[in-house]
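Peer 1: Mind having a look at this structure? Questions to follow.
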Amino acid sequence: MRKILLFSFLLFKCMDSSAQEFKIDASYTYLYSSQLDKAIQSYNFTRPILTEKQPLLRHGLNASASYIFRNDTHFKHGFNFSYAYFRSWAENKKFSNQLNLHVANLGYLLHYENTEKCRGFYSDLIVSATSSLMYRVLNDEPFVYDETLSKAFGIGGAVQVKFGYSFQLKNTCYLSPFLSFAYTPYLFSPKNEAIINQTKGLVCRNWTEILTAQFGLTFHVRQ
């Protein structure tokens, strides 16, 4: 145990000494996915008795953390982890239906900032692996499909660009509003349609693309 603690401490100190910046951000996220839209629209169309249609998966919340390594140039390297949650909920007579979508990304970050020309402005390019989990809750209970809990996993890749402007708060602490856009060209998730509409291959492909737009705030600690 002592050896593990000592190794963890030395590893943290090594990473801390090489770090240029830590970033934590929170944001609102707008999502567009043509295949998810088709599945939900098909669900609404085939159930004309619904008084409240199922909303599209559009609005969500995102949180991320970034670690940037020390570098004397305007371009710095690091890594990023982000998590987003989206929900679609509708209540009708005698039942409620809720779709939950979780998306996680882990990837490489390229940070650019030129304090001599544009002080405060910065941009990030993030290339990451993407994973997703969708499940359905019917009347506050997990939905069962084909005698199993309704879960749809997905995997793919994403590219994101972020633009921000930082203000110094105190010493090494900064705050910045930011705007970002991300594109997932291929997310393989063959069970999404079954979770949403209880059909397979009827209206959707077994993969989808995803576009997102975010705006929020980032808290920076620079060394």
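The values are calculated or read from the model by the stated rules, or taken from the named source; none is laboratory data. Model, not experiment: these values are computed from the prediction. Ideal geometry is used to build each Cβ from the backbone, glycine not excepted, and the neighbour counts take in all protein chains shown. Remember, those area values only see protein heavy atoms, side chains included, never the ligands or the DNA or RNA. Shrake-Rupley method; radii C 1.70, N 1.55, O 1.52, S 1.80 Å.
Peer 1: So how do 67-80, 188-201 stack up, highest first, on mean other-Cβ count within 10 Å?
Peer 2: For the peptides 67-80, 188-201, the packing ranking is 188-201, 67-80.
Peer 1: Can you work out the Karplus-derived ³J(HN,Hα) for every residue in region 52-68? Use 6.51 cos²θ - 1.76 cosθ + 1.60 with θ = phi - 60°, whole Hz, and x for glycine or proline.
Peer 2: 10, 5, 6, x, 5, 6, 10, 10, x, 10, 10, 9, 8, 9, 10, 10, 10
Peer 1: HN-Hα J couplings of region 87-103 from phi, Karplus 6.51/-1.76/1.60, θ = phi - 60°, integer Hz, Gly and Pro as x?
Peer 2: Listing the rounded values in order: 9, 10, 9, 9, 10, 10, 4, 6, 7, 10, 10, 10, 10, 10, 10, 10, 10 Hz.
Peer 1: Another question about this same structure. Counting alpha carbon pairs within less than 8 Å and at least 6 residues apart, what relative contact order, in whole percent, applies to region 18-80?
Peer 2: 48
Peer 1: Straight-line reach from K170: which lysines have Cα under 21 Å away, leaving out those fewer than 8 places along the same chain?
Peer 2: Answer for K170, where 21 Å is the Cα cut-off: K23, listed by chain and number.
Peer 1: Where the accessible area of region 57-96 is counted over protein heavy atoms with a 1.4 Å probe, how much of it, in %, is carbon and sulfur?
Peer 2: 63
Peer 1: To continue, here is another question. Go through G201, F181, W89 and say which Cα lies farthest out towards the positive end of the charge dipole of region 72-223; charges sit on Cβ, +1 for Lys and Arg, -1 for Asp and Glu.
Peer 2: Of the candidates, F181 comes out farthest on the positive side.
Peer 1: Using only the Cα atoms of the chain, what semi-axes does the equivalent ellipsoid have when each is the square root of 5 times a gyration tensor eigenvalue? Give whole Å, largest first.
Peer 2: 39, 20, 16
Peer 1: Roughly how far apart, in whole Å, are the Cα centres of region 46-117 and region 129-204?
Peer 2: Between the Cα centre of region 46-117 and that of region 129-204, the gap is 6 Å.
Peer 1: Here is a further query. Which percent of the accessible heavy-atom area of region 151-223 goes to carbon and sulfur, probe 1.4 angstrom?
Peer 2: The computed percentage sits at 69.
Peer 1: Net charge around S42, counting only other residues with Cβ within less than 14 Å of its Cβ (Lys, Arg = +1; Asp, Glu = -1)?
Peer 2: Within the 14 Å Cβ shell, the charges total +3.
Peer 1: Do the sum for the chain: with -39,500 (n - 2.57) for every DSSP H run of n ≥ 4, divided by all residues, what is the mean residue ellipticity at 222 nm, to the nearest 500 deg cm²/dmol?
Peer 2: After summing the helix terms and dividing by the residues of the chain, the value is -5000 deg cm²/dmol.
Peer 1: Now, a different point. ³J(HN,Hα) across region 162-178 via Karplus (A = 6.51, B = -1.76, C = 1.60, θ = phi - 60°), whole Hz, x for Gly/Pro?
Peer 2: Couplings: 9, 10, x, 9, 9, 10, 6, 9, 6, 6, 9, 9, 9, 9, 9, x, 8 Hz.
Peer 1: Per residue, how much accessible area does region 37-177 have with a 1.4 Å probe, in Å²?
Peer 2: Value returned for region 37-177: 57 Å² of accessible area per residue.
Peer 1: Which residues' amide hydrogens lie under 5 Å from the amide hydrogen of T29, considering only partners 5 or more residues apart or on another chain, with H built in the peptide plane?
Peer 2: For T29, the qualifying residues are G60, L61, N62.
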